[in-house]
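Data first, discussion second: the structure below is written as structure tokens.
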Amino acid sequence: MGYPVGGVHYPRSVGEFQAWFRTDADCLDYLEWLRWPSGYVCPRCGRADSWQLGDGRFMCRACGGRMSGTAGTIFDRTRTPLTVWFAACWMFATAKDGVSALSLKRTLEVGSYQTAWAMLHRLRSVLVRPGRDRLSGPVQVDETWIGGEEPGHRGRAPGKKVLTAIAVEVREPKGIGRCRMAPVADASAASLHGFVSDHVEPGATVITDGWPGYHGLANLGYVHHPRSQRAAKARGEDPGELLPAVHVIASLIKRWLLGTHQGSVDAAHLPNYLDEFVFRFNRRRSRSRGMVFCRLLQLAVGHDPVRYRDLIANPRPRQVTPPKTRGKPPTLERSPADRPWRRIPTGDSG
Ligand SMILES: [Zn+2]
């Protein structure tokens with residue numbers, strides 16, 4: 001798939017979404033198309049010659065290996081119907097503030113809160129693409145305490161606040177580009193330098209406050225502009241507004257955690273919520289929410305299965321890069337008119 005086309009590669013509206021994905025077979029076909037845009041490739045022997053069995057699995061003509069379109073993805077062995085998964089993905093991708101496990105459970109009549117919670121965490125775990133671009137300058141960086149708020153909720157142990165570093169691209173003369181966030185162990189130079197090198201392209205201008213933990217960024221190849229609070233005060237400026245872009249992001253994430261998730265985010269899973277916020281924020285100007293939906297599913301079929309016990313034990317499952325695929329077009333027998341992604345390209349869509 002080149003640049004995705006609305007109405008062909010992704011649904012442009014909820015009406016189109018509902019018309020396209022009526023059955024599990026429709027959803028499976030879409031996932032297979034996202035996973036193997038040029039046709040199924042056997043993961044065992046690498047051949048592209050296969051047929052589809054009656055149960056929908058692919059069978060390799062060369063080695064006889066059988067595989068379903070969801071095997072090895074986050075939808076592997078799921079007991080939740082794919083239509084429900086798709087509806088959850090649609091809500092996750094298109095709702096301005098995302099969706100909580102409770103409202104997902106209610107809206108989709110998912111069996112239990114636990115199931116809804118695990119679905120959302122599986123989706124969150126796919127959002128960070130390995131090897132994604134780092135931010136480019138100028139970038140404001142600061143750190144803040146996030147989490148632990150429990151307004152009006154009794155009987156629930158208050159969560160622990162987590163020190164979180166935030167980096168935000170600033171646009172001249174004003175405006176905000178992309179952002180990144182990650183928990184840091186502390187505000188030491190080791191932690192903050194690590195965060196900056198992970199998330200900001202070397203050579204970029206990095207704007208921070210005067211905190212010593214940021215000293216030495218120039219040695220890592222950044223153009224470092226520390227802003228001193230004392231100097232701001234002397235100039236009659238508000239020292240709290242040294243890094244306005246970071247403060248906008250910090251208040252948005254805090255408001256989102258309190259609003260959509262009612263503050264009930266534990267420290268162990270905070271990184272996943274940060275990833276979700278960043279994923280949505282950085283796509284806020286996307287032409288279509290349907291495109292965000294398509295992107296989410298693309299990441300989901302490119303990600304290893306996430307077991308329930310991993311969601312509990314390790315909130316950051318490892319990711320793998322999906323193998324490059326090539327080969328012949330997929331089985332053409334399942335190509336009804338209401339699966340527009342299976343239409344033969346007319347030339348311009350690529
Ligand atoms: Zn094979």
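The values are calculated or read from the model by the stated rules, or taken from the named source; none is laboratory data. Since this is a predicted model, take the numbers as computed values, not measurements. Virtual Cβ from ideal backbone geometry, glycine too; neighbours counted across all protein chains shown. When the accessible area is computed, the model is the full protein with side chains, heavy atoms only, and any ligands, DNA or RNA have been set aside. Shrake-Rupley method; radii C 1.70, N 1.55, O 1.52, S 1.80 Å.
Key figures for this structure:
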{"quantity": "Extreme residue, farthest from the chain's Cα centre (by Cα), among residues of the stretch 95-109 that are surrounded by fewer than 14 Cβ atoms within 10 Å (Cβ to Cβ) and closer than 18 Å to Cys27 by Cβ", "calculated": "Glu109"}
{"quantity": "Out of Pro202, Pro226, Pro183, Pro239, sole residue that is farther than 30 Å from Arg124 by Cβ and modelled with pLDDT of 90 or more", "calculated": "Pro226"}
{"quantity": "Pro130 of a type outside the set (Val, Ile, Thr), open to solvent by 20 Å² or more (accessible area, probe 1.4 Å) and within 17 Å of Asp275 (Cβ to Cβ)", "calculated": "yes"}
{"quantity": "Check on Phe92, buried (at least 19 other Cβ atoms within 10 Å of the Cβ) and touching a residue at least 40 places away in the same chain (Cβ under 8 Å)", "calculated": "yes"}
{"quantity": "Failed item, numbered, when Leu127 is tested on (1) more than 29 Å from Lys161 (Cα to Cα); (2) of a type in the set (A, V, I, L, M, F, W, C); (3) more than 16 Å from the ligand (Cβ to nearest atom)", "calculated": "(1)"}
{"quantity": "Odd one out for Tyr3, checked against (1) within 16 Å of Trp341 (Cβ to Cβ); (2) at pLDDT 90 or above", "calculated": "(2)"}
{"quantity": "Scope the stretch 1-44; condition open to solvent by less than 10 Å² (accessible area, probe 1.4 Å) and of a type in the set (Asp, Glu); matching residues", "calculated": "Asp29, Glu32"}
{"quantity": "Some residue of the stretch 235-246 being part of a helix (DSSP H, G or I), farther than 30 Å from Asp310 by Cβ and β-branched (Val, Ile, Thr)", "calculated": "yes"}
{"quantity": "Yes/no for Ser112 being farther than 21 Å from Arg342 by Cβ, open to solvent by 30 Å² or more (accessible area, probe 1.4 Å), modelled with pLDDT under 95 and away from the ligand (no atom under 16 Å from the Cβ)", "calculated": "yes"}
{"quantity": "Members of the stretch 255-277 that are part of a helix (DSSP H, G or I) and either open to solvent by 10 Å² or more (accessible area, probe 1.4 Å) or farther than 19 Å from Val184 by Cα (or both)", "calculated": "Arg255, Trp256, Leu258, Gly259, Ala267, Ala268, His269, Pro271, Tyr273, Asp275, Phe277"}
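Per-residue answers, yes or no, for (1) within 10 Å of the ligand (Cβ to nearest atom); (2) open to solvent by less than 10 Å² (accessible area, probe 1.4 Å):
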| residue | (1), (2) |
| --- | --- |
| Arg47 | yes, no |
| Gln52 | no, no |
| Gly56 | no, no |
| Cys63 | yes, no |
| Thr70 | no, no |
| Thr73 | no, yes |
| Arg77 | no, no |
| Thr80 | no, no |
| Thr83 | no, no |
